[in-house]
1. Filter region 99-113 down to residues that are open to solvent by 70 Å² or more (accessible area, probe 1.4 Å), in a helix (DSSP H, G or I) and under 18 Å from Asn44 (Cβ atoms) and give me whichever is modelled with the highest pLDDT.
2. Select, from Glu348, Glu338, the only residue that is under 26 Å from Arg254 (Cα atoms), open to solvent by 30 Å² or more (accessible area, probe 1.4 Å), of a type in the set (Asp, Glu) and out of contact with any Lys or Arg (no Cβ under 8 Å at 6 or more places or on another chain).
3. Counting only residues that are under 16 Å from Asp328 (Cβ atoms) and in contact (Cβ under 8 Å) with a residue 40 or more places away in the chain, how many does region 255-307 have?
4. Answer yes or no as to whether Phe330 is under 16 Å from Lys302 (Cα atoms) and either touching a residue at least 40 places away in the same chain (Cβ under 8 Å) or touching a helix residue (DSSP H, G or I) at 6+ places or on another chain (Cβ under 7 Å) (or both).
5. Could you tell me whether any residue of region 134-153 is open to solvent by 50 Å² or more (accessible area, probe 1.4 Å) and under 23 Å from Asn73 (Cα atoms)?
6. Among the candidates Thr96, Thr79, Thr51, single out the residue that is open to solvent by 50 Å² or more (accessible area, probe 1.4 Å), touching a helix residue (DSSP H, G or I) at 6+ places or on another chain (Cβ under 7 Å) and part of a helix (DSSP H, G or I).
7. May I ask you to list the residues in region 298-323 that are in contact with a strand residue (DSSP E or B) (Cβ under 6 Å, 6 or more places away or on another chain) and not in a helix (DSSP H, G or I)?
8. From the residues in region 30-48 that are in contact (Cβ under 8 Å) with a residue 40 or more places away in the chain and among the polar types (S, T, N, Q), which one is surrounded by the most Cβ atoms within 10 Å (Cβ to Cβ)?
Amino acid sequence: MRLTLVQKLVAGYAAIAFFTMAALVYSVTGLYSLNTTARDIAQNDLVFINTAIKLRESVLAQQRAAVKGAVLNSPEFKTLYQERADEFQHLLLNLTTTQNPVELKPILENYVSFKRYAEQLLGGDKNSAVQLNNAADRVVGAIDVSAANRQVQLSSKLDAADKKQGRTVQWTLILSFTGFLLAIIVAALVTYKISKAFTKLKKATHRIAEGDFDFDPRIPAGDEIGELASDFVRMASRLKISEQMNLDASPLTRLPGNIAIERVLTRRLQEPEPFAVCYADLDNLKAYNDHYGYIRASELIKTTGEIIHEAVRQHAGQDAFVGHVGGDDFVMVVSVEEAAGVCEAIIEQFGKAIVSYYDTVDLERGAIEAVDRYGVPRVFPIMTISIAVIICGQGEYESAVDIARAAAEMKDYVKGQPGSNYLMNRRRHNR
């Protein structure tokens, strides 16, 4: 008796369904068990061990701050001690909500003594230094013992999980392989599914190329094709952002504008690493514009943008950013370590370039005559550049607006100083 194609498909699907369900039930049961173990490890053991490391570092930091604060009688170290003490108590409080209080009791008891000696030492009792060190050792020892015990528990859980995983994988493979042999019968249907998905992706490519960045091919997620479709959607979103940034870019310098600057600052504020925001401004540009005309002033602004971009490219990392706020205002976002080198390079190159924008007579005199913003005739020296550098640590600024406000205040001060210079951390560097 010969089976029709439909009957073969039905029989094949029935066999596949049987073995697939058997493998699925066994694998789901095993995965559920492994997931339960993994969740327990992630929510308890790893949290405890990681927090224990932070507690240990916090205690040692408190010890150093208390000793230095007592020796140097510095309020900065006292403040640092209090911040780390608050951090320690916050970490310990978080642990008490999820962990066994019995494991935390030795740490808490020893820390009470440590805190008392630290406060005595900061209060002027120099004899408390020895007791503070001993108390710190006891707190660290209690933390290490608790972390070691939890590590032993974690190893036992991982061993049990490995054995469970081995059995689950073994039986799942046996059942799945049997079903796979029968899955060849339905290969044509799988091919059709893939073909249909790629047709949708092709359509999505054409729509995105036409500028429809919001188009969604609507391919279900869960496999490689679904991930590829998600990548298409993310790519379209990035292209949309890129197009917005290009539209926002300065037509004179082609540098990113305010939208891009705010986006970069917002992103960097969400990251833990500190960074430097360098706000550059030309001094007496209005007088130059009135004396030589807007065409030469525009060329000068363009050259300044090129100098800044090249300095950042040579002296800063790949994550650095250069933006043009407008007019003669530029923003650079670099690492804290790179800020000084970037500013010095800009000032040096600007000093070399600016002389070509003045006539010989004005260069020899070292100044030009023009009317200030109040309509009063004045003598303006050869143009210089001023850079205000804001060091942005985590939690110091809430938004890009706060950074811009701080930079504007510092820029007003640095512009009042003679010559090209930059100001960082309340220290002025003249060139």
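1. Lys105
2. Being under 26 Å from Arg254 (Cα atoms), open to solvent by 30 Å² or more (accessible area, probe 1.4 Å), of a type in the set (Asp, Glu) and out of contact with any Lys or Arg (no Cβ under 8 Å at 6 or more places or on another chain) holds for just one of Glu348, Glu338, which is Glu338.
3. 29
4. yes
5. Looking for residues that are open to solvent by 50 Å² or more (accessible area, probe 1.4 Å) and under 23 Å from Asn73 (Cα atoms), one finds at least one in region 134-153, hence yes.
6. Thr96
7. Once the filter is applied, which keeps residues that are in contact with a strand residue (DSSP E or B) (Cβ under 6 Å, 6 or more places away or on another chain) and not in a helix (DSSP H, G or I), region 298-323 yields Ala316, Ala320, Phe321, Val322, Gly323.
8. Among those that are in contact (Cβ under 8 Å) with a residue 40 or more places away in the chain and among the polar types (S, T, N, Q), it is Asn44.
The values are calculated or read from the model by the stated rules, or taken from the named source; none is laboratory data. Computed from a prediction, not measured in an experiment: that's the story for all the values here. All Cβ positions, glycine included, derive from the backbone under ideal geometry; neighbour counts span all protein chains shown. SASA here: full protein model, heavy atoms, side chains in, ligands and nucleic acids out. Shrake-Rupley method; radii C 1.70, N 1.55, O 1.52, S 1.80 Å.
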